[in-house]
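Colleague: So that we are looking at the same thing, I have put the structure below in structure tokens.
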Amino acid sequence: MTVCNSCRYCEGLCAVFPAMETRRSFADGDLTYLANLCHGCGACYVDCQFSPPHEFDVNVPKVLADVRVDSYHAFAWPRAFAPLFIHNGLAISVMCAASIALFLLWLVTGPDASVVTAVRTGPGSFYALIPHNTMAVMFGAVFFYAMIAIFMGARNFWRSMPPLALRTGIAPSIWQAMKDAGRLRYLDGGGAGCSATVGQVRDRRRMFHHLTFYGFMLCFAATSVGTLYHYLLGREAPYPWYDLPVLLGSLGGLGLLIGPLGLAVHNWSRDPILRPVKPGGMDAAFLTMLFLTSATGFALLLFRETAALGLTLAVHLGVVLALFLTLPYGKMVHGIYRFLALVRYAQERAAEHK
Ligand code: SF4
Ligand code: SF4
């Protein structure tokens, strides 16, 4: 950052460089903030005249990616679970297998195991296998825990950032950050696109990221509408294919199939010089969980009126439970920290213009 601050060649590429230029020294909190402001587009590596083989060995995307991973670990709540970020791929795989096994066990050890392979159709067929209240309490508790853990981690990150020299209103900054995050403004490499390979610029990473994020939001909307149907209208799942929860879930599910797959291919084909040193399987684990959530959801939609209902329901619920459980200890947190860094950036810009 000190070299960059003298050079300033990359100041038009993203928010990191303008934020860096307002600093003379870089304490831990500044670096963590800048690291989470970086979208890892790789443009500043490609453009840098001091990148390897130059003796300065400047590689901003890689260094900031490592600082980002360190920040997830440092701000995890509770602290005892911070090591989950280190061998993240392994931890998430074990948790996923365990929660699928839990639901399968639940079904086969019930009072009548033959219901597992019985063909059931119509409203309430899911709840004949696993009672609605059991599902609601289990998923509600895990989701509530995940939200608390994410909130506490986010609070730790927010507090780690250096205080503003001049106070500004928070609401306009949140709105600005929402606009910047919603269109991934700083993932465009200053307009050229994301550099997967040195010398090869593409903008597909942004497209796949959009598909993943908006696919996730549509699936969340489908679950919320389903919950309203259940409690307000007294209508039980499963719903017909043309009903709103299924349409929203299918549209979101398509995004969650294509987006994570595209991002995984992009990451895999990315030039090693641009990859972080300490991924811990985090990217692959999170993308796999999102892909599996969608794939098992579609399997349930396809086989819900066959004898495979029990198996597909248990696998889908197991994957979703593991996804919820691991949300605070995986790549999901990058979205929260980056959004907060964008809020702080908007506040700094507003303070400059005061
Ligand atoms: S990345 Fe390289 S070219 Fe860009 S500001 Fe830093 S030193 Fe200068
Ligand atoms: S967002 Fe792109 S240009 Fe900006 S610091 Fe990160 S990798 Fe470099």
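The values are calculated or read from the model by the stated rules, or taken from the named source; none is laboratory data. Keep in mind it's a predicted model, so treat the numbers as computed, not measured. Glycine also receives a Cβ, built like all others from the backbone with ideal geometry; neighbour counts cover every protein chain displayed. Quick note on the areas: whole protein, heavy atoms, side chains included, nothing else; ligands and nucleic acids left out. Shrake-Rupley method; radii C 1.70, N 1.55, O 1.52, S 1.80 Å.
Colleague: Condition first: surrounded by 18 or more Cβ atoms within 10 Å (Cβ to Cβ), outside any helix (DSSP H, G or I), within 14 Å of ligand 2 (Cβ to nearest atom) and β-branched (V, I, T). Can you find one or more residues in the stretch 1-24 that meet it?
Modeller: no
Colleague: Could I ask something else about it? For the stretch 1-17, what are the residues that are within 10 Å of ligand 1 (Cβ to nearest atom) and within 28 Å of N156 (Cα to Cα)?
Modeller: M1, T2, C4, N5, V16, F17
Colleague: In the stretch 75-95, what residues are farther than 23 Å from M161 by Cβ and part of a loop (DSSP other than H, G, I, E, B)?
Modeller: I86, H87, listed by residue number.
Colleague: Scan the stretch 18-44 residue by residue and report those that are over 21 Å from the mean Cα position of the chain (by Cα), of a type in the set (G, A, S), within 14 Å of ligand 1 (Cβ to nearest atom) and farther than 19 Å from F339 by Cα.
Modeller: Result: A43, single match.
Colleague: Follow-up. Could you grab the pairs with beta carbons closer than 8 Å, sequence gap of 6+ or different chains, first residue in the stretch 108-119 and under 18 Å from F303 (Cβ atoms), second one open to solvent by 90 Å² or more (accessible area, probe 1.4 Å) and part of a loop (DSSP other than H, G, I, E, B)?
Modeller: Within 8 Å, the pairs are V119/E305.
Colleague: Here is a further query. Do we have D57 as within 11 Å of ligand 1 (Cβ to nearest atom) and over 21 Å from C194 (Cβ atoms) here?
Modeller: Criteria met by D57.
Colleague: Separate question: For the list (1) touching a residue at least 40 places away in the same chain (Cβ under 8 Å); (2) open to solvent by 50 Å² or more (accessible area, probe 1.4 Å); (3) over 25 Å from T117 (Cβ atoms), I need the number of the one condition that E305 fails.
Modeller: (3)
Colleague: For the stretch 157-168, how many residues are open to solvent by less than 50 Å² (accessible area, probe 1.4 Å) and assigned to a loop (DSSP other than H, G, I, E, B)?
Modeller: 4
Colleague: Then there is this: In a helix (DSSP H, G or I) and under 20 Å from G215 (Cβ atoms): does that describe L313?
Modeller: Spelling it out, it is not the case that L313 is in a helix (DSSP H, G or I) and under 20 Å from G215 (Cβ atoms).
Colleague: Within the stretch 50-69, count every residue that is within 14 Å of ligand 2 (Cβ to nearest atom) and not in a helix (DSSP H, G or I).
Modeller: 4
Colleague: Out of the residues in the stretch 41-81 that are open to solvent by less than 20 Å² (accessible area, probe 1.4 Å), in contact (Cβ under 8 Å) with a residue 60 or more places away in the chain and small (G, A, S), state the one that is nearest to G190 (Cα to Cα).
Modeller: Top of the filtered list is A43.
Colleague: Evaluate the following for L84: is it open to solvent by less than 20 Å² (accessible area, probe 1.4 Å) and either within 16 Å of ligand 2 (Cβ to nearest atom) or not aromatic (F, W, Y) (or both)?
Modeller: no
Colleague: What's the number of the condition T293 fails, among (1) under 19 Å from the mean Cα position of the chain (by Cα); (2) surrounded by fewer than 18 Cβ atoms within 10 Å (Cβ to Cβ); (3) among the β-branched types (V, I, T)?
Modeller: Here T293 meets the rest and fails (2).
Colleague: Now, a different point. Name the pairs: first residue in the stretch 1-25 and farther than 16 Å from K62 by Cβ and modelled with pLDDT under 95, second residue basic (K, R) and within 10 Å of ligand 2 (Cβ to nearest atom), Cβ to Cβ under 9 Å, at least 6 apart or on different chains?
Modeller: Close Cβ pairs satisfying both conditions: none exist.
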